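To start, the structure itself, in structure tokens.
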Amino acid sequence: MRLTEVIKMALSAILAHKLRSFLTLLGIIFGVATVIAVVSLIEGFNRYVDEKIADIGTNAFRVQKFSIEDFSSVKAFDQARKRNKDIRMEDYFALANAGGKIKTASVKAYNLSEIKRDNEVLFEVRLTGATANVAEIDRIDLGAGRYFTAAENEKSQFVCVIGADIKTRLFAYDDPLGKYIKIDGRPFRVIGVTKPRGSVFGQSQDKFVDIPINTFLNIYGPRRSLLVSVVAIDEASYEDAIDQARVILRNRRKLRPNEPDNFGILTPAAINRLRAKIFGTIQIAAIGVTSISLIVGGIVIMNIMLISVIERTKEIGIRKSLGARRSDILGQILAESTILALTGGLIGVSIAYGLAKLVSATTPIPTALPITAVAIALVASSSVGLISGLYPAWRAASVDPIVALRAE
């Protein structure tokens, strides 16, 4: 019997019992939908980290007071807090002028400030003091105006670049360029506005103001740890640039060979390792638990197919007496169980896709649905159907036609 005929007969049998077929599908639909939904959330989170958190610039890494490993436990952080020293402007100058595998460096410092224009006041706005080349290293996109220059930084000018949220709140109907805002009571001239960046886990990334680092330190004082972004000359020199930066800072701090670093170096790989460490086990456990529902769906299919075989004993006997082979009966039952499971998988994927879109649209939770996950889910559901149909198919193929014809 040709495959097309087997599929047609399987579809006819399924459609002849629509309600029972639908109820059989529910287990697979639920199983596939939950697995795909979990994978979508995990994949969305992973991509979110890569795009929003782990992306720290092309061929760039950060030098800061603490490393990611320092946050691995309360004990580790307590030790690092006592051991690690602040990153100072002198450290930045040493890295920026190092040459070798280091192309350039920038520096930033942060403060939560009050921003005011006329009667409108914004509290706890992220104020960043930065060097002029931060715009290039951090790939800051300007929607209007410009970033401040190295000369403006050297002269400690009171100029600023504002985020999209600041522009919306303080200059809803005005062009902000050339106008003034007050930062902690001091007037600053707006020279640029950035394009919207969106949010990270529901927190706006557009509620900020950037000012020259020298201006920042003159106002708020130098007694704070800075964040230095270091750029390697090219991708091939990246690891060498990290080693060079580590040697420079260890020499400046007179650390002995057996002493640990008293500073942190942050790379995208380190962020991803932390993500994998925290969420890797959770990911495996979540997918494993939700996959149980697929097994339950397979058991439901097997039971229903067994019932179907019993109900169709006489039909099977008639087909065998007319010349149907064991392989024909076997193929039809397997085709029915596989088509049922595949259909349930397709419906489950569609439901999970819709849920993922709904979650992304209504919450800050990121989701992503990779094609490979969809393909694996459909293959898995079909395999579950095929395996679940083996025993019922064997039972059907083993029916004695004489005994079957006597069945009521």
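The values are calculated or read from the model by the stated rules, or taken from the named source; none is laboratory data. The model shown is predicted, which means the values in this text are computed figures rather than measured ones. Reconstructed Cβ throughout: ideal geometry from the backbone, glycine too, with neighbour counts over all protein chains shown.
A few comments on the model shown:
- Check on S225, of a type in the set (G, A, S) and under 24 Å from the mean Cα position of the chain (by Cα): no
- Some residue of segment 82-104 being under 19 Å from R253 (Cα atoms) and assigned to a strand (DSSP E or B): no
Conditions tested, residue by residue: (1) at pLDDT below 80; (2) more than 15 Å from T34 (Cα to Cα); (3) buried (at least 20 other Cβ atoms within 10 Å of the Cβ).
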{"position": "L355", "(1), (2), (3)": "no, no, no"}
{"position": "S360", "(1), (2), (3)": "yes, yes, no"}
{"position": "A368", "(1), (2), (3)": "yes, no, no"}
{"position": "I371", "(1), (2), (3)": "no, yes, no"}
{"position": "L378", "(1), (2), (3)": "no, no, no"}
{"position": "L386", "(1), (2), (3)": "yes, yes, no"}
{"position": "W394", "(1), (2), (3)": "yes, yes, no"}
{"position": "P401", "(1), (2), (3)": "yes, yes, no"}
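- Qualifying residue in segment 243-263 (condition: in a loop (DSSP other than H, G, I, E, B), free of Cβ contacts under 8 Å to residues at least 12 places away in the same chain and either of a type in the set (S, T, N, Q) or in contact with a Lys or Arg (Cβ under 6 Å, 6 or more places away or on another chain) (or both)): yes
- Hits in segment 120-167 - residues which are aromatic (F, W, Y) and surrounded by 14 or more Cβ atoms within 10 Å (Cβ to Cβ): Y147, F148, F158
- Among residues of segment 210-230, those that are surrounded by fewer than 21 Cβ atoms within 10 Å (Cβ to Cβ) and in a strand (DSSP E or B), counted: 1
- Test: residue in segment 116-131 that is closer than 16 Å to I213 by Cβ and in a loop (DSSP other than H, G, I, E, B): yes
- Among the residues of segment 234-248, just one is more than 17 Å from D261 (Cα to Cα) and in contact with a strand residue (DSSP E or B) (Cβ under 7 Å, 6 or more places away or on another chain), namely Y238.
- Of all positions in segment 198-210, at least one carries a residue that is within 19 Å of A135 (Cβ to Cβ) and hydrophobic (A, V, I, L, M, F, W, C).
- Filtered residue count, segment 134-147, keeping only those that are under 19 Å from V231 (Cβ atoms) and more than 29 Å from the chain's Cα centre (by Cα): 1
- Residues that are at pLDDT below 95, farther than 25 Å from I365 by Cα and within 35 Å of the chain's Cα centre (by Cα) within segment 172-221 comprise just one, A172.
- In the set (1) of a type in the set (S, T, N, Q); (2) surrounded by 15 or more Cβ atoms within 10 Å (Cβ to Cβ); (3) at pLDDT 75 or above; (4) within 34 Å of the chain's Cα centre (by Cα), S337 fails one condition alone, (4).
- Set D175, D165, D138: member being among the acidic types (D, E) and closer than 14 Å to F208 by Cα: D165
- Selection status of E124, acidic (D, E), touching a Leu at 6+ places or on another chain (Cβ under 6 Å) and either closer than 17 Å to L217 by Cα or touching a residue at least 40 places away in the same chain (Cβ under 8 Å) (or both): no
- Unique match (being surrounded by fewer than 17 Cβ atoms within 10 Å (Cβ to Cβ), modelled with pLDDT of 90 or more, over 30 Å from L369 (Cα atoms) and out of contact with any strand residue (DSSP E or B) (no Cβ under 7 Å at 6 or more places or on another chain)) among E90, E69: E90
- Residue count for segment 146-160 under the criterion of being closer than 13 Å to F188 by Cα and in a loop (DSSP other than H, G, I, E, B): the result is 4.
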